[in-house]
Amino acid sequence: MCGIVGYIGKKEASPILIDGLKKLEYRGYDSAGIAILSEGKINVIKTKGRLADLEERFKGKIPKGNIGIGHTRWATHGAPSDENSHPHMSMSENIAVVHNGIIENYMELKKDLEKKGYKFRSETDTEVLAHLAEMYYDGNLVDTLIKVIKDVRGSFAIGLICKDNPNELVAVRKDSPLIVGLGENENFIASDIPAILEHTRKIYLLNDLEFVHLTSDKVELFTIDKKPINKNIFNVEWDVDAAEKGGFDHFMLKEMYEQPKVINNTITPRIKNGLIEFDDINFTADDLKNISRAFIVACGSAYHAGMVGKYLIENLARIPVEVDIASEFRYRNPIIDDKTLVIIVSQSGETADTLAALRDAKKKGARVLAVVNVVGSSIAREADDVLYTWAGPEIAVASTKGYTTQLMAMYMIALKFGVLSGNLSEKDAKHLINELLTVPEKLEVLLGKIDSIKELAKKYHNRRDVFYIGRGLDHMVALEGSLKLKEISYIHSEAYAAGELKHGTIALIEEGTVVVALATQNSLFEKTLSNIKEVKARGGTVIALAQEGNDSVKEIADEVIVLPKIDDRLSSVLAVVPLQLFAYYCAIDKGCDVDKPRNLAKSVTVE
Ligand code: AGP
């Protein structure tokens, strides 16, 4: 998604803005620009393309000035182009604006402004903000911005500067993330913490419709009624290199190798006396008795984690669970009341559809438990309860540690609810938790198989199609494995319930078609073996995943990835890692941009 950085202080703003935007490149973008205020003039330099193209535009002449706003754009309204890039200027060029989100009523605002004589230069929704600000400008930037926001519907994170207010920068957010960085004689705004982490660790996490007024030595927050807001400072614990690659070729590889550690970080603080204890979630047995049904709502990989959650919660706690894609959930008028628990899963905590689903669920009286990775994100702040996945910053667009820590959250919720509901004995829970605690070391074993996975990628990365099949939990992991391959190597892929293949899709299997068959559920092993035979009989090439000891698969499949032994219900978190690595090495062999795949963004903060 779009990235925003703003600076006001004693230093030159341009390098700070450019470096900050580079730290946000992972969010995916197609154009970039900065606006610098100096000597009574706003100098805007912007371009379609990457930040390197923007620096080209400087031609060695860094724009001078101590106050500025910068932006990387991921196009929503208006194709990527120089004129559609941000910042956008008002007609008189007195005001510059950067924006992340969507102005839903921009067409009617644009018509009205054009009637009033305002000339538009771009096709974007954002430009209406600049002209509205000019129209309302009365010398006070906060008042001006409040008036603008009262006209606007939609989602936004906005930074604004004005040539007649040379030591001021104002900002506001609604539905799109924005933070304030508090420095020494300098202050910042940014859409995400990594952009300003090298300058300050003191952050204000803005809530919706909190207006910010920055000078170089003062930060003030106001409500839309101009009432001052006092906010606690959030101290960022990460170190800068936590958001850097740490010696790996790509963030994605680094984050795959972080999985054992972050899974440990996620589960061990929640295990007390051998059972799951949630410090920050107060769910009692009575609360659970009052829940008649649960929904798990998410997008993409988080949705796949939610599918595993459904299986586990129904298996261990015997509570009916529906899993929904967030963009479907919010438009199908789901049956929700105060006996409904809605579990919202999101790594970024900012996915627009998922955030909207949370709000719908709350409006309908549901209790909302969020499983989120980014501390202080919108979803985290709006849920009734939050279970953080301590995965640390996930920079690669393709989620790996974000997904596997979400799986851990699903296991912990299912175990906790199982014991609370009385459907899972403490003894059985302790057995499963002991198995859970073996996951990190077993992942290390799998991450050590990197050479054999590299070989598989070398052999198969040029195939046109790759199918993934599995039964039960294996089917859910197949979906995630297929998504990984698609999103970073651009190879066409589909995942199917193995038993479903013969109901149509097997017609696509021909000589050499690659099928990744997950056969890690011992209880379903023989059934899946038959499906593998069906594929082989039609000339398919099968890469099978199975637990140690299921050697019969080696007589049938072309390739076999052996997983360490573990309880069937926990094999998902092991099985997905070879699939992540396979997708990664196929993408490398195809020369793809692994961390920033085409057309994708790390956090989809627009619908
Ligand atoms: C996963 O590899 C994708 N990048 C994408 O599907 C992602 O999981 C989805 O956009 C949801 O993001 P969230 O977890 O931040 O809400």
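The values are calculated or read from the model by the stated rules, or taken from the named source; none is laboratory data. Bear in mind that the values here come from a model prediction, so they are computed numbers and not experimental data. Cβ: placed from backbone, ideal geometry, glycine included. Neighbour counts: every protein chain shown. The area values use the complete protein model at the heavy-atom level, side chains included, leaving out ligands, DNA and RNA. Shrake-Rupley method; radii C 1.70, N 1.55, O 1.52, S 1.80 Å.
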*Taking a label point 7 Å from the Cα of ASN290 along the Cα→Cβ vector, which residues of the stretch 345-387 have an amide N closer than 12 Å to it?*
366-368
*Carbon-plus-sulfur fraction of the accessible area of the chain, 1.4 Å probe, in percent?*
49 percent
*How long are the semi-axes of the ellipsoid equivalent to the stretch 167-236, from square roots of 5 times the Cα gyration tensor eigenvalues, in whole Å, largest first?*
18, 14, 10
*Give, rounded to the nearest 20 debye, the magnitude of the charge dipole that the stretch 407-455 has about its Cα centre when Lys and Arg contribute +1 at Cβ and Asp and Glu contribute -1 at Cβ.*
140 debye
*Just how large is the dipole of the stretch 1-82 about the Cα centre, in debye to the nearest 20, putting +1 at every Lys and Arg Cβ and -1 at every Asp and Glu Cβ?*
140 debye
*asked:* For the stretch 1-73 and the stretch 323-359, what is the centre-to-centre distance using only Cα atoms, to the nearest Å?
replied: 36 Å
*Say the dipole of the chain comes from +1 at the beta carbon of Lys and Arg and -1 at that of Asp and Glu; which of VAL371, GLN521, GLY539 then lies farthest toward its positive end?*
GLY539
*Between the stretch 460-523 and the stretch 177-231, what's the alpha-carbon centroid distance in Å?*
46 Å
*Accessible area per residue, 1.4 Å probe, Å², for the stretch 98-172: what's the number?*
37 Å²
*asked:* Could you work out how much longer the chain between ASP249 and GLU548 gets when fully extended? Use 0.36 nm per residue separation minus the Cα distance between them, nm to one decimal.
replied: 104.5 nm
*So which helices of the chain fit the span-like rule, where a helix is a whole DSSP H run, its Cα atoms reach 20 Å or more along the axis, and its mean Kyte-Doolittle is at least 0.5?*
401-421, 571-589
*Chain lengthening between ARG381 and ILE62 when straightened (0.36 nm per residue, less Cα-Cα)*: 110.9 nm
*Using a Förster distance of 60 angstrom, determine the FRET efficiency expected from the C-beta separation of THR268 and ASN167, and round it to 0.05.*
0.80
*Rounded to the nearest 0.05, what FRET efficiency is calculated for GLU328 and HIS77 with R0 set to 22 Å and r the Cβ-Cβ distance?*
0.40
_Counting heavy atoms of the protein chains only and a 1.4 Å probe, report the per residue accessible area for the stretch 292-446 as a whole number of Å²._
31 Å²
*Which FRET efficiency value, to the nearest 0.05, is calculated for LYS227 and ARG153 with the Förster distance at 25 angstrom and r the Cβ-Cβ distance?*
0.65
*Just the Cα atoms of the chain, one point each, no solvent: what log10 I(q)/I(0) does Debye give at q = 0.07 Å⁻¹?*
-0.46
*So what is the calculated 222 nm ellipticity per residue for the chain, using -39500 (n - 2.57) for each DSSP H run with n of 4 or more, over all residues, to the nearest 500 deg cm²/dmol?*
-10500 deg cm²/dmol
*Modelled label-to-label distance, ARG318 and LYS111, 7 Å Cα→beta-carbon offset: nm?*
5.9 nm
_Only four residue types carry charge here, +1 at the Cβ of Lys and Arg and -1 at the Cβ of Asp and Glu. Report the dipole size of the stretch 486-607 about the Cα centre in Debye, rounded to the nearest 20._
140 debye
*How much area per residue is accessible in the stretch 506-568 when the probe is 1.4 Å and only protein heavy atoms are counted (Å²)?*
40 Å²
_So if each residue of separation counts as 0.36 nm, and I subtract the Cα-Cα distance between ARG598 and GLU441, what length gain in nm does that give?_
53.1 nm
